[in-house]
Amino acid sequence: MIIAENDPRIAAGQDRVQAYWKTIGAVDDDVISYMINPMFSGAPAWPNTRQAYRVIRTAGSLIVASDGLSDPFVGTDMTDTSGFGLEVYLEIMGAELMAL
């Protein structure tokens with residue numbers, strides 16, 4: 001069986017990542033993304049077509065985190081349940097960043 005774009009495990013994984021970030025700080029409602037997905041210009045999927053970044057604000061830092069690397073690879077078999085199995089982030093410290 002092949003993982004489809006609308007596989008419910010993708011949304012469930014996204015919900016788990018979102019819930020985790022909410023324990024760290026305030027998560028912006030909007031994500032940072034490309035106007036045109038690089039996949040449509042020949043770049044590889046990442047592992048899905050949802051290529052974005054989240055912004056999380058804590059009391060003393062700003063976090064920019066990838067959003068989608070842990071999605072399952074669409075088009076692979078059902079044993080691939082967590083894409084790359086990680087997300088990456090950059091945390092910038094400093095209270096002056098909270099005004100951004």
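The values are calculated or read from the model by the stated rules, or taken from the named source; none is laboratory data. Keep in mind that this is a model prediction, so the values were computed, not measured. Here the Cβ positions follow ideal geometry from the backbone for every residue, glycine too, while neighbour counts run over all protein chains shown.
Structural remarks
- Within region 59-94, the set of residues being among the aliphatic types (A, V, I, L, M), free of Cβ contacts under 8 Å to residues at least 60 places away in the same chain and in contact with a Ser or Thr (Cβ under 9 Å, 6 or more places away or on another chain) comprises L86, V88, I92, M93.
- Just one of the numbered conditions (1) in contact with an Asp or Glu (Cβ under 6 Å, 6 or more places away or on another chain); (2) crowded, with 18+ Cβ neighbours inside 10 Å is not true of F73: (2).
- Test: R57 is basic (K, R), out of contact with any Lys or Arg (no Cβ under 8 Å at 6 or more places or on another chain) and surrounded by 13 or more Cβ atoms within 10 Å (Cβ to Cβ): yes
- Sole residue being more than 16 Å from the chain's Cα centre (by Cα) and modelled with pLDDT of 75 or more, chosen from F73, F84, F40: F40
- In region 1-41, the residues that are of a type in the set (A, V, I, L, M, F, W, C), closer than 14 Å to G68 by Cα and in a helix (DSSP H, G or I): I10, A11, A12, V17, W21, M39
- Residue selection: G13 fails the criterion of being among the small types (G, A, S), surrounded by 18 or more Cβ atoms within 10 Å (Cβ to Cβ) and on the phi > 0 side of the Ramachandran plot.
- Scope region 50-80; condition closer than 20 Å to Q14 by Cβ, part of a strand (DSSP E or B) and among the charged types (D, E, K, R); matching residues: R54, R57, D67
- Whichever residue in region 38-49 is surrounded by 18 or more Cβ atoms within 10 Å (Cβ to Cβ) and touching a residue at least 24 places away in the same chain (Cβ under 8 Å) and, among such residues, is farthest from A4 (Cα to Cα): P47
- In region 87-100, the residue that is nearest to V17 (Cα to Cα) out of those that are at pLDDT below 75 and loosely packed, with under 11 Cβ neighbours inside 10 Å is L100.
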